[in-house]
1. Using r as the Cβ-Cβ distance of SER240 and ASN198, and R0 as 22 Å, what FRET efficiency do you calculate, to the nearest 0.05?
2. Given 0.36 nm per residue, what is the gain on full extension from SER636 to HIS959 after removing their alpha carbon distance, in nm?
3. Rounded to the nearest 20 Debye, what is the dipole magnitude of the chain about its Cα centre when Lys and Arg each give +1 and Asp and Glu each give -1 at the C-beta?
4. Could you give each residue of region 168-177 its phi-based ³J(HN,Hα) in whole Hz, using Karplus coefficients 6.51, -1.76, 1.60 with θ = phi - 60°, and x for Gly or Pro?
5. If I model a spin label as a point 7 Å beyond the Cα along the Cα-Cβ vector, how far apart are those points for LYS566 and TYR250 in nm?
6. Please go through the residue pairs LYS331/LYS353; LYS862/LYS946; LYS555/LYS584; LYS137/LYS218 and name each one whose alpha carbons sit more than 23 Å apart in this structure.
7. Can you work out the PRE-style zone for ALA597? Point 7 Å along Cα to Cβ, and I want the residues of region 537-557 with backbone N under 16 Å.
8. If packing is taken as the mean number of other Cβ atoms within 10 Å per residue, what is the order of 949-956, 690-697, 863-870, highest first?
Amino acid sequence: MGTPIRRKPHLLLLALVAFVSSPAWSAARGSLATFGPVFEDQPLSLLFPEESTEEQVTLACRARASPPASYRWRMNGTEMKLEPGSRHQLVGGNLVIMNPTKAQDAGVYQCLASNPVGTVVSREAILRFGFLQEFSKEERDPVKTHEGWGVMLPCNPPAHYPGLSYRWLLNEFPNFIPTDGRHFVSQTTGNLYIARTNASDLGNYSCLATSHMDFSTKSVFSKFAQLNLAAEDTRLFAPSIKARFPAETYALVGQQVTLECFAFGNPVPRIKWRKVDGSLSPQWATAEPTLQIPSVSFEDEGTYECEAENSKGRDTVQGRIIVQAQPEWLKVISDMEADIGANLHWGCAAAGKPRPTVRWLRNGEPLASQNRVEVLAGDLRFSKLSLEDSGMYQCVAENKHGTIYASAELAVQALAPDFRLNPVRRLIPAARGGEVVIPCEPRAAPKAIVLWSKGTEILVNSSRVTVTPDGTLIIRNISRSDEGKYTCFAENFMGKANSTGILSVRDATKITLAPSSADINLGDNLTLQCHASHDPTMDLTFTWTLDDFPIDFDKPGGHYRRASVKETVGDLTILNAQLRHGGKYTCMAQTVVDSAAKEATVLVRGPPGPPGGVVVRDIGDTTVQLSWSRGFDNHSPIAKYTLQARTLPAGKWKQVRTNPANIEGNAETAQVLGLTPWMDYEFRVLASNILGTGEPSGPSSKIRTKEAAPSVAPSGLSGGGGAPGELTINWTGSAGWQTARVPGADAQYFVYSNESVRPYTPFEVKIRSYNRRGDGPESLTALVYSAEEEPRVAPAKVWAKGVSSSEMNVTWEPGQQDTNGILLGYEIRYWKAGDKEAAADRVRTAGLDTSARVSGLHPNTKYHVTVRAYNRAGTGPASPSANATTMKPPAPRRPPGNISWTFSSSSLSIKWDPVVALRNESAVTGYKMLYQNDFHLTPTLHLTSKNWIEIPVPEDIGHALVQIRTTGPGGDGVPAEVHIVRNGGTSMMVENAGARPAQPSAALLHSVAMLILIGHLEL
């Protein structure tokens, strides 16, 4: 079998066999560092925008190798010709594609790295081309429906790749349709759904589609479509689901899964989600039209149901999420050194769904079974390795979702025996009467044949001497006559070598005073003695173990101490012994050549351990039967048991009367007496012995004693006072239901006042009517809560951070559970540093959210922030304040200047001077350009991080209107506007826009607003 290795020099090629045994080659090999290619950087899949102004694409490839690697590339499985001057250039190991086009360059790429050791193949990288065409220029038909009905407006997005995100405009930019319960924009189709229309929905609608690619974002607008509403239909309609998720949704582990569900109806339907064949995780439970699982796993696979419900009925739809997975390694191959002529088994295994198939590569080429090589799925077997088997091997696992590669180097070695790394020990001390083991481990390939000699005598196996199959020499029952020189001889077909050591016999180590077993009580001190004799030429050390685990003398606050500093004394002292210190102690005295050990047992007695399994049965009104199981007696017999009880919810543990009154130590059951009827109880048991009372058992399950007729008559009967026409009677009642008579047949309420009632305390209430003939039947029991009070607990860990020049994010953690009422939300108070808290502005959240965004702030200003919980009674105490500073003002109020442009036959290049932010302004991270021409009145938004841009334009465009502005973390800057006129198609025109901000024309007034909002929404 082979031996796993770290990367190290690999020594032999077939042509060099003749030199392996020569001294010159052996001396030189240590300086070589030959190893095969190991990838440090591999190509990644890339999405390249077809309209990009970038002139090249780079696919990375770099491998560590000695000698350095050379590189080749494959496209769609065919090796590429990388010639000087072609569009495909090799830069280092990277592949650079100049002026990439979809027709010529879309495909699957792999890098091959090679050196004299072998070749490895990189993972696959797919180069795709993304695009988003314009919406159709045809006018859209108006949509008509009755007010009160639902309606769907189709988006019909243009051709595109990859997928898009969608929003809708009503009448003008930036009037986006809100994502509320009545409106829904499908991110699958782009269609707009309105569950129930009303008069505010009248108007013109445009679909905004946005494409997000690796380093480019583009948005296009559709033509407006008019929505007309006929006379209102006031009837109510049951839900009808119109936006349905598919019957089967496939997803890969770790991906986000989104299911869409939206219904028409009047009233507007409520959406509920559930998992039919399991429970839905609480963090995904939502009433939104979309169910999102951010990182799907196999546990999420199953059938999901969306239910739309209103007062007129319900509608449901079901679909199944099927989770699959890319291949993932369970077992990989590693670099291996193996001897020539040996057998080798390599294995790899991968998980995935569908189950991955496994294949093998040798030096980048497919490997199949042949002669001495057997390939069977994830198993690769060699018989009788030869030097030609050296090279780079790869295990490849793949399914329809992906391919993964594991690489390793196989180095087949042929080496003459060499003791330089592992010589026989020069001096070998051994104890008289003991045993010595002398390894013989020369480096050799194939494995060397080993012989041992003492002086000139060849050693053979006997009752005292053994040479193991791996060449190790073992000598037993050593005496002085065994001293001398011992030599190991190693030989294979490549050569021979030997190594010698001297055996020196020393006096044996012996325990002269062994530790004695002891029996102590909890808290006692104890010293265990241990003395030893040894060879005076060697150092002696003592170690102690408890139940075979080493004792740590240096543990802070520990109970163990060494009792002596003398070399031959190893006494151990135990201070304040605990029950856990009982067990088997072993003292070991040892030198570098031998050791001696003796054992002793320590018994620590203490109070009993806690009883177990407390069970309550035979529950009566004032008695119960209790049973338990015995705990540990801790080496002292249990003398008696004590039973305790407590009333719930917060009673203290008290000893109870029992039958028998004194419970003996061998009992495991007893009756509890004197309990109160209709009361909640818990019970526990304590055991005692002559050393004290032990820890109590765990509490029993909660029980309630049975009800019983009152055993105490009301007392303190008195009366008098009150208002005219009332008879007030007072008495002292027994525990249980409290009763009040409410005079008047038409009375509808009663106020019970008691200062001891805690806020928001539940009461069970029943009512019955009565007249002169008697009482009527009782109502069902209702649960009524006392009045709420303000929250008592402040939120914790408040954190605030400015996220723009006018906004900050605030997060917090809820305080401990508050029983004063129902939490309605949180109130955030914020004020400028230097102002008083009394001047703080306030914003409230609703529900249990623990984060909020505060807007309307001043730029570059420090704020103090506190958070308070509130309920219907008011606001609770403030949290400790946190601080946050808003960002600097938005990007410079100066527009780009010195704008110039150049037309070519099919494109327009525009340049401008860079805008540099001042110290009190947010940084400039890029520019936004809004472009409108004669033939396309809907403006197009372009983004760039440079101070120039090139866009494709039709050849017959003669006039265009352009606005350019800065953008950054603080927002968008002031735009500069220029009118561009083609002048013969080749001339350059310059307009100094830096001196004046744009005064937008009527045609672009909505465009400016649109540009600002698009920046805010990070389109």
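1. After rounding to 0.05, the efficiency reads 0.75.
2. 105.8 nm
3. Dipole of the chain, to the nearest 20 debye: 1360 debye.
4. Taking θ as phi minus 60°, the curve returns 10, 9, 10, 6, 7, 6, x, 7, 7, 5 Hz for region 168-177.
5. 8.3 nm
6. The answer is LYS862/LYS946.
7. 541-552, by backbone N distance to the label point.
8. Going by the mean number of other Cβ atoms within 10 Å, highest first, we get 863-870, 690-697, 949-956.
Every number in this text was worked out from the coordinates using simple rules, so none of it is lab data. Owing to the predicted nature of the structure, the values given are computational and were not obtained by experimental measurement. Note: ideal-geometry Cβ built from the backbone for every residue, glycine included; neighbour counts use all protein chains shown.
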